[in-house]
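Input: a single structure, listed below in structure tokens.
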Amino acid sequence: MSFEFIKEVISPSELLKAYPLPQKDVIRKKERDREIKDIIMGKSNKFLVIIGPCSADNEDAVCDYISRLAKVQDKVKDKLVLVPRVYTNKPRTTGEGYKGIVHQPDPEKEPDLQEGLIAMRKMHLRAIAESGLTAADEMLYPENWPYVEDVLSYVAVGARSVENQQHRLTVSGMDIPAGMKNPTSGDLSVMLNSVVAAQKSHTFLYRKWEVKTSGNPLAHTILRGAVNKHGQSIPNYHYEDLCRLLHMYEERNLMNPAAIIDANHANSDKKYWEQPRIIKEVLHSRKISPDIEKLVKGVMIESYIESGNQDVSGHVYGKSITDPCLGWEESEKLIYYIAEHV
């Protein structure tokens with residue numbers, strides 16, 4: 001009943017030195033960051049579409065997907081900013097199963113965290129180099145932030161992490177938008193409390209240092225649906241849900257009120273094919289209410305090259321080995337639909 005210290009892994013400074021972000025991509029990221037921040041802050045009328053695989057499990061397939069996304073971005077650039085999901089850490093409800101590329105660079109082999117950190121960074125760098133798009137990742141482990149802080153343009157804090165103090169305080173030191181999901185219980189006040197905390201300055205211990213953060217005014221909410229005591233999914237993307245969230249934002253007088261709607265997870269009951277229908281309803285709600293239009297800044301979609309999912313041992317190229325995803329053909333059509341209706 002103790003820790004076994006296997007090996008000391010590479011430090012963030014060592015990893016960034018070994019695999020630096022090229023200067024041309026530093027410039028690309030700066031421009032992307034500005035575009036995304038302007039949307040969250042209400043300075044831009046463009047709409048965010050955070051889209052990609054449930055888990056970034058294969059570098060070739062993920063980069064292939066993002067390169068396809070980049071071609072679509074060129075066509076919708078006047079209306080949308082596409083942010084690819086490159087999720088390299090996966091929360092597991094029971095602690096079992098594939099935990100992401102950081103744990104297992106090869107999903108069929110034993111965990112190797114040292115190689116996983118390298119694989120995570122190399123995939124992000126390759127995606128930017130080949131597509132020009134900077135990505136979103138889930139901040140499952142706050143201590144991993146320094147390994148990717150120079151390459152990410154968006155961070156999500158998941159439903160199981162949103163109440164955690166270290167997650168909230170770490171977000172308060174970030175300079176990019178961070179979406180705080182509602183917890184699985186569906187309690188919107190918990191999610192908003194997390195935003196309040198993330199927008200404030202804090203002093204705390206982080207990676208052996210006493211640090212002080214400035215607060216992150218770009219922290220905002222993500223509605224992902226809830227699960228009741230019977231394990232049944234309860235959606236929270238309907239018009240009434242958005243009105244309730246808007247009212248709760250107004251009560252707290254937070255900076256930059258903003259919400260992203262996650263079309264999968266409990267909102268779709270993981271029925272991935274429902275995502276287009278859900279997004280169409282959200283876009284309709286924005287059309288009929290100027291206040292909701294200002295609040296809802298984007299949507300989140302789980303999408304990959306092939307629809308559905310497969311077992312970890314499956315070898316279908318571009319098919320999820322975690323939650324099922326919308327296929328590329330349907331995803332492309334959905335992006336064009338969103339561009340026409342925002």
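Read-outs throughout are calculated quantities, based only on the coordinates presented, and are distinct from any laboratory measurement. Values in this document were obtained by computation on a predicted structure and should not be read as measured data. No Cβ is skipped: glycine too gets one built from the backbone with ideal geometry, and neighbour counts run over all protein chains shown.
Roughly how many debye, to the nearest 20, is the charge dipole of the chain about its Cα centre, given +1 on each Lys and Arg Cβ, -1 on each Asp and Glu Cβ, and no other charges?
It comes to approximately 920 debye.
Can you return the aspartates and glutamates within cross-link range of residue 17? Criterion is Cα-Cα under 19 Å, with same-chain partners fewer than 8 residues away left out.
Correct list for residue 17: 8, 25, 115, 143, 149, 150.
For region 128-186, build the charge dipole from Cβ charges (+1 Lys, Arg; -1 Asp, Glu) around the Cα centre, then report which of 171, 142, 184 sits farthest towards its positive end.
184
Of the candidates 141, 87, 272, which one comes out as most mobile in a Gaussian network treatment of the chain with C-alpha springs shorter than 10 Å?
Highest fluctuation of the listed residues: 141.
Just to be sure I understand the model, the point goes 7 Å from the Cα along the line to the Cβ. What's the resulting residue 30 to residue 234 distance in nm?
Computed distance between label sites residue 30 and residue 234 equals 4.7 nm.
Which percentage, to the nearest 5, of the DSSP beta bridges contained in region 159-302 is antiparallel?
Values: 6 of 17 bridges.
Bridges in region 159-302 are about 35 percent antiparallel.
Along the Cα→Cβ direction, 7 angstrom out, place labels at residue 196 and residue 70. What is the inter-label distance in nm?
Label-label distance for residue 196 and residue 70, simple model: 4.3 nm.
Separation of region 212-253 and region 87-162 by C-alpha centroid, Å?
24 Å
Over 23 Å between C-alpha atoms is what I'm after, so list which of 7/181; 46/333; 30/181; 90/271; 90/294 land there.
7/181; 30/181; 90/294
By DSSP, what percent of the beta bridges with both residues in the chain are antiparallel, rounded to the nearest 5?
20 percent
Please list 3J(HN,Hα) in residue order for region 62-76, calculated via the Karplus relation 6.51 cos²θ - 1.76 cosθ + 1.60 where θ = phi - 60°; whole Hz, with x for glycine and proline.
Along region 62-76, the couplings run 5, 5, 4, 4, 5, 5, 5, 4, 4, 5, 5, 4, 4, 7, 10 Hz.
Could you check the simple spin-label distance between residue 207 and residue 141, using points 7 Å along Cα→Cβ, in nm with one decimal?
A separation of 1.3 nm, rounded to one decimal place.
Are there chymotrypsin sites (Phe, Trp or Tyr not before Pro) in region 1-66 that DSSP puts in a loop and that have at most 12 other Cβ atoms within 10 Å, and which ones?
Those that pass, being in a loop and sparsely packed, are 3, 5.
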